[in-house]
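Chemist: Here you go, one structure.
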Amino acid sequence: MATTLKQVPPRIFRSEEELAELPASERIRWRLVQAGQRYHANDNIAAHVREGELTELKAEVQAKLQEVLQALVIDTESDHNTNETAKRVAKMYVEEVFRGRYQPMPAVTEFPNVERLNELMIVGPITVRSACSHHMCPIFGKVWIGILPNEHSNLIGLSKYARIADWIMSRPQIQEEAVTMLANELQDRVRPDCLAIVMEADHFCMHWRGVKDTDSAMVNSVMRGAFLKDANLRREFLSLLSRKNG
Ligand SMILES: [Zn+2]
């Protein structure tokens, strides 16, 4: 029988002083648990991180990565190549490749649809980088967004689609969940009549390890509103997309 690791319920702290004695990751986790907020790999937890704590987090991650290198029996003292590896990787995780967990949503201005645009609009290909939550291996891909606004929709600048996509992808992700998260975010902001998202990506856990299959790419799509019911609209979107793809 598989062993289930039960999370120990956090001790109730009485004072901020007690909380301040904990490592930053424990403090942040405590706030998340108190707020009943999920903190899976692809969740954004920015609202629970206080000023200065990301610097503390980086130092914590660095110390743990140093232990990983030690456990891998790598001599990080004499090997000049790995001297600073723990530090570099910690910075890369917290500030770059996983920053979509720790940074708030990028500012996006929404404009009312004064021209009452109601034509199918396609944005893409947007280049996206992510990492799979299973192996922490890179994912490189492209995203296409199809949107059919109505007179009540909010419009956002073209470059903002890329910024929102980047924010969602810069987390350890699962491609199926990433496209759904992106769809939900755009649905909430733009409120279009229908929305379609296609993502095609290379998963390096397929190339670098496992079956070492170098040709496999994964394609996922989310279709909402009229895209679900209207085969012509769906076809129009997919044909525009293949033309753009060259
Ligand atoms: Zn993987």
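Bear in mind these aren't lab numbers, they're just calculated from the coordinates by the rules spelled out. Computed from a predicted model, the values in this text were never measured in an experiment. Using ideal geometry, Cβ is built from the backbone for each residue, glycine included, and neighbour counts are taken over all protein chains shown.
Chemist: Taking the Cβ of Pro138 as the center, what net charge do the other residues with Cβ under 9 Å away carry, scoring Lys and Arg +1 and Asp and Glu -1?
Modeler: So the surrounding residues net to 0.
Chemist: Say R0 is 25 Å: what FRET efficiency, to the nearest 0.05, do Asp230 and Gln103 get from their beta-carbon distance?
Modeler: Taking R0 as 25 Å, the efficiency between Asp230 and Gln103 is 0.10.
Chemist: Counting DSSP beta bridges in the range 47-195, what percent are antiparallel, to the nearest 5? List each step's numbers first, then the result.
Modeler: On the way: 14 of 16 bridges.
In the range 47-195, DSSP labels about 90 percent of beta bridges as antiparallel.
Chemist: Taking Rh as the Kirkwood radius, which is the inverse of the mean 1/r over Cα pairs, what is the Rg/Rh value for the chain?
Modeler: Expressed as Rg/Rh, it is 1.04.
Chemist: For the range 105-204, what does the relative contact order come out to in percent, with C-alpha contacts under 8 Å and a separation of six or more? Working shown, then result.
Modeler: Details: 185 pairs, mean separation 36.9, N = 100.
Worked out over the range 105-204, it gives 37 percent.
Chemist: Another one. Going by a 4.7 Å Cβ-Cβ cut-off, which cysteines of the chain have no partner at all?
Modeler: Cys132, Cys194
Chemist: If the chain between Phe111 and Val211 were fully stretched, how many nm would it gain, using 0.36 nm times the residue separation less the Cα-Cα distance?
Modeler: That pair, Phe111 and Val211, stretches by 31.3 nm at full extension.
Chemist: Filter the GluC sites (Glu not before Pro) in the range 173-246 to those in DSSP coil with at most 13 other Cβ atoms within 10 Å of their Cβ, and list the result.
Modeler: Values: sites: Glu176, Glu177, Glu185, Glu200, Glu236; in loops: none.
Here no loop site has a sparse enough neighbourhood.
Chemist: Please give every one of the aspartates and glutamates within straight-line cross-link reach of Lys87, meaning a C-alpha to C-alpha distance under 19 Å, and leave out same-chain neighbours fewer than 8 residues apart.
Modeler: Reachable aspartates and glutamates: Glu53, Glu56, Glu60, Glu67, Asp75, Glu77, Asp79, Glu95, Glu96.
Chemist: One quarter of the convex hull surface, Cα atoms only: what value does that give for the range 160-233 in nm²? It would help to have the intermediate numbers written out before the result.
Modeler: Values: hull surface 24.1 nm².
So the mean shadow area of the Cα hull is 6.0 nm².
Chemist: Please report, to one decimal in angstroms, the Kirkwood hydrodynamic radius of the range 93-237 built from all distinct Cα-Cα pairs.
Modeler: 15.9
Chemist: What's the FRET efficiency of Ser78 with Met121 using the Cβ-Cβ distance as r and R₀ = 41 Å, to the nearest 0.05?
Modeler: Efficiency for this residue pair is about 0.10.
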